[in-house]
Amino acid sequence: MERGILSPSDLRKPGNKIVYGIMVLGIAVMAVTMLYPILMTMFNGLKSNPEINTFPPKFFPTTWHWENFNKGWHYIALPVFLKNTMFIFLGNLFMTILVLGLAAFSISRIRVPHSRLVYFFILLTLFIPATSYMIPNFVNLKQLGLLNSYWAFWLPAGANAYFFLLMKNFFDGIHPEIFEAARIDGASELTSYLRIAVPLSVPIFATLSIFIFSTAWNDWFWPSLVMHTEDKYTLATAIYKYVINARSLDSSIKFSILFMVMIPPIFVFLGFQKFIVRSVSLSAVKG
């Protein structure tokens, strides 16, 4: 059995009991504040429209209208927008692993000329506000003829300084003896990256997957700028245009749609969490 922060003997002390109780209370308050919006959205989606507008509001519906979810599913083409969002997510993830991963691996493990200068230059780009290069990105994509295409998301994904630094710092923690042994066996640098670094980097890739998925799922402003046809809209853009701004749509249908789009990110986090909390030590060399 693993030992926690406090042992059973520590919990018998009155002072520790008070501190432990405050910690549990804080965790409970945090859990309630995070679960309340989700549950409130779900229950509002199960209410009738007049019941939502009643005052004082009720937490649980008096009559459960499960048909609201069926109406919400067919109100807009959710599968189409979901497909577009997943294409963007998978493309961004591929560009992050391929382009940024190779760049981070080169700076970390290969003696690239002026690698320290390149590293600090990339570090400096973190101090540039994202809004300041949004218009230049849009102009460049327009000149390249990449507007209204998935490349408007995939190309910028290969130039994320924050993800680069995360991977670079992670690669720094992998024992260099592993790569030296691979070079002795005749492996190229690309082979070392694909067959050694990538399998060992599942935890950081899982973390980046959560960040990339969250951005692709929640961002509506950039997709609304670069995607000009309805069949290319992402889920967030479609929700903003056709659900949030809809005036004739019942509030119960709005809440049912919003609840349906809130659930997938939760399962994505729970699915990748096991990779994140998996072994912190990546050493393959036992001393």
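The values are calculated or read from the model by the stated rules, or taken from the named source; none is laboratory data. Because the structure is a prediction, the values reported are computed rather than measured. No Cβ is skipped: glycine too gets one built from the backbone with ideal geometry, and neighbour counts run over all protein chains shown. The accessibility values were calculated without ligands, DNA or RNA, using every heavy atom of the protein model including side chains. Shrake-Rupley method; radii C 1.70, N 1.55, O 1.52, S 1.80 Å.
The residue of the range 16-61 that is surrounded by the fewest Cβ atoms within 10 Å (Cβ to Cβ), among those that are modelled with pLDDT of 85 or more and polar (S, T, N, Q), is THR33.
Once the range 171-189 is narrowed to residues that are out of contact with any Ser or Thr (no Cβ under 6 Å at 6 or more places or on another chain) and in contact (Cβ under 8 Å) with a residue 12 or more places away in the chain, the residue that is least open to solvent (accessible area, probe 1.4 Å) is ILE174. Looking only at residues of the range 132-156 that are buried (at least 17 other Cβ atoms within 10 Å of the Cβ) and farther than 20 Å from GLU230 by Cβ, we find that the one that is farthest from the chain's Cα centre (by Cα) is ASN137.
Exactly one residue out of PRO37, PRO61 is farther than 30 Å from TRP151 by Cβ and in a loop (DSSP other than H, G, I, E, B): that is PRO61.
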